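Below is one structure, written out as structure tokens; comments come after it.
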Amino acid sequence: MAKVRRKKALPIIGWREWVSLPDLGLENIKAKIDTGARSSALHAFDLRAFTVGGVPWVRFHVHPMQHGGPTIEAEAEIIDMRRVRNPGGRRQLRPVTTS
């Protein structure tokens, strides 16, 4: 008799959800869900690059509540720099992190 494989039930989520990013110290931040995306982006501001033992890092701020509210400072190791188009259509070089 052939063994039947059952698919693991996936959670049902909305197009906006509260998520946690513990590696960045963010307990709750509102996220837009894009099931077709290959990567994720975080709206960050006041980016400042620095190095730790010769390894590039970035320190930045985020607003977990979207429209203002408290500001959280976070930092992460930079693994790449990529050119992306900003909302105005201009290309910018932005850091990519693992966190």
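The values are calculated or read from the model by the stated rules, or taken from the named source; none is laboratory data. Bear in mind the structure is a predicted one, so any value in this text is a computation, not a measurement. FYI the Cβ positions are ideal-geometry reconstructions off the backbone, even for glycines, and counts take in every protein chain you see.
May I ask you to verify whether ALA41 is modelled with pLDDT of 80 or more and outside any strand (DSSP E or B)?
The answer is yes for ALA41.
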Would you call PHE60 exposed (fewer than 15 other Cβ atoms within 10 Å of the Cβ) and at pLDDT 90 or above?
no
Could you tell me which of the residues ASP23, ASP46, ASP34 is in a loop (DSSP other than H, G, I, E, B) and either surrounded by 10 or more Cβ atoms within 10 Å (Cβ to Cβ) or among the basic types (Lys, Arg) (or both)?
ASP34
ALA74 passes all but one of the listed conditions (1) without any contact (Cβ under 8 Å) to a residue 40 or more places away in the chain; (2) under 15 Å from LEU42 (Cβ atoms); the exception is number (1)
Here is a check on your reading of the model: is ARG94 over 24 Å from ARG16 (Cβ atoms), assigned to a strand (DSSP E or B) and touching a residue at least 12 places away in the same chain (Cβ under 8 Å)?
no
